[in-house]
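The values are calculated or read from the model by the stated rules, or taken from the named source; none is laboratory data. Predicted model only: the values in this text are computed from it and were never measured. With ideal geometry, Cβ positions are generated from the backbone for all residues, glycine too; neighbour counts draw on all protein chains shown. Just the protein is used for accessible areas: all its heavy atoms, side chains included, with ligands, DNA and RNA removed. Shrake-Rupley method; radii C 1.70, N 1.55, O 1.52, S 1.80 Å.
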There are 4 protein chains.
Amino acid sequence: MTERPLRVGVIGVGTMGTDHADRLATRISGAELVAVADADSARAAEVAARYPGVRAIANPLDLIADDAVEAVLIASPGFAHEEQVLACLAHGKYTLCEKPLTMDSASALRLVEVERDKAGRPLVQVGFMRRFDPEYAELRRLLDDGELGRLLLVHNIHRNKTSPAWFRDSAAIVNDSLVHEVDVCRWLFGAEIETVTLLTPTPSGRAPEGLRDPQVAIFQMAGGGVATTEVFVNSQVGYEVRCEAVAELGSATIGLGQEMLVRRDNAYGGRIPDDYRERFARAYDIEVQEWARACRRGVVAGPTTWDGYAASAVCEAGVASLGTGQPVRVELADRAEILRP
Amino acid sequence: MTERPLRVGVIGVGTMGTDHADRLATRISGAELVAVADADSARAAEVAARYPGVRAIANPLDLIADDAVEAVLIASPGFAHEEQVLACLAHGKYTLCEKPLTMDSASALRLVEVERDKAGRPLVQVGFMRRFDPEYAELRRLLDDGELGRLLLVHNIHRNKTSPAWFRDSAAIVNDSLVHEVDVCRWLFGAEIETVTLLTPTPSGRAPEGLRDPQVAIFQMAGGGVATTEVFVNSQVGYEVRCEAVAELGSATIGLGQEMLVRRDNAYGGRIPDDYRERFARAYDIEVQEWARACRRGVVAGPTTWDGYAASAVCEAGVASLGTGQPVRVELADRAEILRP
Amino acid sequence: MTERPLRVGVIGVGTMGTDHADRLATRISGAELVAVADADSARAAEVAARYPGVRAIANPLDLIADDAVEAVLIASPGFAHEEQVLACLAHGKYTLCEKPLTMDSASALRLVEVERDKAGRPLVQVGFMRRFDPEYAELRRLLDDGELGRLLLVHNIHRNKTSPAWFRDSAAIVNDSLVHEVDVCRWLFGAEIETVTLLTPTPSGRAPEGLRDPQVAIFQMAGGGVATTEVFVNSQVGYEVRCEAVAELGSATIGLGQEMLVRRDNAYGGRIPDDYRERFARAYDIEVQEWARACRRGVVAGPTTWDGYAASAVCEAGVASLGTGQPVRVELADRAEILRP
Amino acid sequence: MTERPLRVGVIGVGTMGTDHADRLATRISGAELVAVADADSARAAEVAARYPGVRAIANPLDLIADDAVEAVLIASPGFAHEEQVLACLAHGKYTLCEKPLTMDSASALRLVEVERDKAGRPLVQVGFMRRFDPEYAELRRLLDDGELGRLLLVHNIHRNKTSPAWFRDSAAIVNDSLVHEVDVCRWLFGAEIETVTLLTPTPSGRAPEGLRDPQVAIFQMAGGGVATTEVFVNSQVGYEVRCEAVAELGSATIGLGQEMLVRRDNAYGGRIPDDYRERFARAYDIEVQEWARACRRGVVAGPTTWDGYAASAVCEAGVASLGTGQPVRVELADRAEILRP
């Protein structure tokens, strides 16, 4: 019997919050979903009903105060974050708050101070999830290794196929899209951004009237780094997020639809793993996860004993052919005969 | 509170079994590790001790018989599988048995019959995990969609950097390596293999004395498909597993170190996802998983309130620059000042 | 004044022969097209008329005998090759003969003997042009370098979008398509092919009635190498020719739509050139070739003095911005004003 | 007999000029090298001596004035260009002048005016050779097709492994390296550059003392386009030139070491050609070029009659195996026997 799971409550079950609720209920090891809250209590009830023993709580502040809730995931609209995070701090609850932390930097700074003074220790994590993306994490590791020397430049591409209907304000491209590259650049350089320049070419004819789209942002970093970022939320193509980091001895690019591409020493390319455990790590996780689910349903959803038998018969024929180079017939029992009910 | 987890026992805690034990104890949702058994009882005790409340059971058959064990993962040496799987069937336990199912096809066929007669329903899954690899699964889905027409040919590459010391027998290349492509081809074609031809070029000078390495296997499938497979267990390069499926209207290749590459209609390439949830699905899972672990340790291991504040201050500067094209300075509080203990 | 060009006559001006005639007349340095012959004399006249001073000769044998012709390129149908090559040998003319050399191996062997006895030295080159493809040539160089050790296996893919209407015979796939891989394998291994196996899966529904398409060929090479080749002349996709060579220390693949991809030492990738002359070698050739043609037409078809001036003005603004990080306006004369007729 | 070749003289036979001289003497069809001039007359004589009938002329102005010279390629140092181009204009000679056209924009503008007034028509082409690079040309064609809509942004990467010893001045990065992207952007957008911003991060530790390397340039184009360019002349990696053009319906990238990569409609990828003539166009050119050279040397340097014979024998064996799926032995004459002297 492994450790008792972390009891989590989710506030806000729109698209993102519902994803998080499902994640906690079905995919996260060592955690369990205990309650959900939403301004729309019917919506909260509907999502809660999907999972045995999950409660719907009308008022987000009640969820935060609830003793059965150890940790809170906040996926409510940005304007609600400040009050809810303050409540989490007051109750000493661990908090994962989707970005933005609050609606402006002044209120965000107040939260930093409250956390420092009231909680006396960090309790709140902000939802900049790219730091957890395996590709970004691998890029950061490579830079930390120091093999490529000091980081000099970062080039980002951030494109959405189309922007949502409510997305009419050029500032929203900065606050909702560019903000991810803001965090990525601070994190990769390990330095603050000193100046920002936003360039806006003549907008695409596919961008909604009045939206300055695409935009090009230039960051000058403390310590002398420079980052360029294209943000284009009506590219018509799809969702593209790429990042190229340029250091003194080479560069590395992620988001290409392939593993991290490194350029150094007159060569470009990627790694080939040493063994099957690296290559198939996810396959093993998924195999065992799917097997556990299937057992719960009382079925076998993967390769059966027949598959094991057939593979064995084929290998015997293969070994018989070894060295002769001649085709060898596989002798197999009659499946219909054997497995007939 | 979500459903009670599946209680799993692991038999055999060598490299693979230890991986599986750790997987069940820390990464699999809805399952928990309750016991481990190993011929080397000290080894079993050592692994069990890593996880709270996990028992070490000396005799694998006792683990199988234990009422606290609902499902059994068998990762013992192949020669032990037959007896252990028979015991699982006798006790009606769900079983995930690493390949090979048994040491020859005759005994494997007996297991098929015992499962049919004794258990009366499938209980045993064999560990051909490639079917669960996201790339193979995507390839299979594409073929099932039928968009590429009927599958005609499959070309496999299966290379290891070097073979283990005990790997001296050319037949082992068939039984331990090629066996994966045997299952992959049966699964992709949805048909049995009718004849097998094993070709062995002059061995590589890097292969151990007497080992026919590399080998080229030709499968003729029931229904008329053909598959070619290169197996090379001393390639000196790394672990490479690639599969190209050729159908009537195009081909698809996986294992390239990039997403599935499709060739059709005078173009080669891959998909660009529609939105961030597809691109960053794993990032969100990892973020929440890491957050839950960090909460257990009582720390915040991700972006902090300061990161949320700094991002907000940068975005305000960006919005101020919008349209002007002029650099705007980011006004940030003094971090050392604010966060000083 | 460079050396007098080689005077070449082309026999057979169908699709391929017309390409060759145009190549000789306009793209090949140190050679000139002097005559063309074709069974269809109107066709010959029409092609000849495209180039100043090129004669149309009715009878191919007359072209071969013509003193003004130093070298002959034979692009006539295969059945005509034997007689024409014999005539070239009789007249001691250098010959480039499209494949097949003749219609069967017996007659081809006779040509070998006639060349040996009559000409006393090699005069005839056969049109296996893949040896001249930059990618194949680079692959061969890499193998010759010996860095990857001895060549063990070759895997070929050879696909056409659709087969021509006259292509109804399964043997034609061998004689017209596979023949290229026959030469490629002999050339890469530096060894003859000892045995051939042709496997034919159930044909694609897109293949013409009665055509065994695709086919899989297995070559066993003298010296112990093995080669596999897929030939699929109705793949519906496009023209694909790929070749993966597997050696003792790594593999290399060409035909991917990218530079040669090498896999070795736990990495896959390609070269990044040292300098611009390698990267832009073709650009310089094309630039000067286009310039020479434009001069002949009395025009300037490339960047003009205005382009030179504008670039210079932009660089001056750039240098002014250096270090300031501030935008600098480019002062440019009024083009319409300056260049008004 | 094709048209009389263009008689070209080359001024300046340093690295670049020597390349051009060799190009004209051996690779360019319809042109011939007749004379070279260089400030170092010994150097000029040495280069001239490599090619039959090519004269060395001490004074570049004499070469320009020489009646035997129809066209002049200027590859002398930049400071000499103005006087030499003026002389070419005075003598009405076609001119290909390496960049820079002159040392500053004022003198370049004077050349524009002299060409307009004296020559009355364009005579001078400037050596921005990227417009002739097949990849850039394909990118330009794609944009001209209009399929991707209007061009919005261009992102350039321009890296050298190391900078030459004389390269100590940050302005040289602009004038010698960035100048290529200046022309590329003007050419791709079909518009002038209105403002330039040069950003200089903390230089790489591998850059020579005092050199601001790397640099990031921002161009604002007339018509509202924006271009970003990284120039890094001590990247330590190799020579990298990449260009990504972002338009309203998709983007295209060149310089990746693969064919142009296009992103549109939720997919990324490249073209697969329709037939062999596109895929192997260069192979045929090189084959015939090499054949012509070999004929001049009196040898056969490509596949021989034996290769034609052997291929034919293998195909006969392949046809015999067709349908049987059985290995068939290739019957080949004894090569040593047949070809013995």
### Message
How tilted is helix B:134-145 with respect to the longest principal axis of chain B? Cα atoms for both, answer in degrees (0 to 90, nearest 10).
### Response
70 degrees
### Query
In D, who owns the beta-carbon nearest the axis carrying D over to B, and how many Å from it?
D:Gly269, 1
### Accessible surface of the protein assembly as shown [probe 1.4 Å, protein heavy atoms]: carbon and sulfur percent
51 percent
### Query
Using r as the Cβ-Cβ distance of C:Ala45 and D:Ala49, and R0 as 51 Å, what FRET efficiency do you calculate, to the nearest 0.05?
0.70
### Task
With a/c under 1.5 counting as rounded, go ahead and sort the stretch A:166-262 into rounded, prolate or oblate using the C-alpha gyration tensor (a ≥ b ≥ c being the square roots of the eigenvalues; past the cut-off, prolate if a/b is larger than b/c, else oblate).
oblate
### Task
Return one number: the angle in degrees, 0 to 90 and rounded to the nearest 10, between the long axis of the Cα atoms of helix A:78-90 and the longest principal axis of the Cα atoms of chain A.
90 degrees
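Within 10 Å of each Cβ of D:153-164, how many other protein chain Cβ atoms are there on average? Before the final figure, lay out each step's value.
Numbers: counts 9, 0, 6, 0, 6, 0, 4, 3, 6, 2, 0, 0.
Taking the mean over all residues of the peptide, I get 3.
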### Nm distances between copies for A:Ala191, ranked from closest, using label points 7 Å along Cα→Cβ
3.3, 5.8, 6.2
#### Entry: At 7 Å out from Cα toward Cβ: C:Asp275 inter-copy label distances (nm, ascending)
4.2, 4.7, 5.3
### Message
Compute the helix-to-body angle for D:179-189: its Cα long axis versus the longest principal axis of chain D, expressed 0 to 90° and rounded to tens.
### Response
80 degrees
### Computed label-point distance, nm, for sites D:Met103 and B:Lys118 using a 7 Å Cα→Cβ extension
9.6 nm
### Query
Where a Cα-Cα gap under 17 Å defines reach, which lysines qualify for C:Lys93, not counting those fewer than 8 residues away within the same chain?
C:Lys118
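Rounded if a/c is under 1.5, else prolate if a/b is larger than b/c, else oblate: which is the stretch A:269-323, with a ≥ b ≥ c the root eigenvalues of its Cα gyration tensor?
oblate
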### Query
If the label for A:Arg329 sits 7 angstrom from Cα along the Cα-to-Cβ line, what are its distances to the same label in every other copy, in nm to one decimal, shortest first?
2.6, 8.9, 9.0
#### Entry: Part-to-part distance (alpha-carbon centres) for the stretch B:253-285 and the stretch C:296-341, which is given in Å
43 Å
### Query
By its C-alpha gyration tensor, with a ≥ b ≥ c as the square roots of the eigenvalues, how is the protein assembly as shown shaped: rounded for a/c under 1.5, else prolate for a/b larger than b/c, else oblate?
oblate
### Task
Return one whole number: the accessible area per residue of chain C in Å², for a 1.4 Å probe.
36 Å²
### Query
Once you average over the residues of A:329-335, how many Cβ atoms of partner chains fall within 10 Å of each Cβ?
4
### Task
Please report the buried accessible area for the interface of D with C, total over both chains, probe 1.4 Å, in Å² to the nearest 100.
12700 Å²
## Note on the structure
Here the FRET efficiency for D:Ala336 versus A:Asp274, based on Cβ atoms and R0 = 45 Å and rounded to 0.05, is 0.45
### Query
Any idea what the dipole of the stretch A:43-180 comes to, in debye rounded to 20, about its Cα centre with Lys/Arg Cβ at +1 and Asp/Glu Cβ at -1?
280 debye
### Ellipticity estimate at 222 nm from DSSP helix runs (n ≥ 4, -39,500 (n - 2.57)) divided over the protein assembly as shown, nearest 500
-10000 deg cm²/dmol
### Task
Provide the descending list of Cα extents for chain B along its principal axes, expressed in whole angstroms.
76, 58, 44
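Can you order the peptides B:33-39, C:236-242, C:71-77 by their average number of other Cβ atoms within 10 Å per residue, highest first?
Working: B:33-39: 26.1, C:236-242: 21.1, C:71-77: 23.1.
Final packing ranking: B:33-39, C:71-77, C:236-242.
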#### Entry: Average beta carbon contacts from partner chains per residue of D:29-35, 10 Å cutoff
6
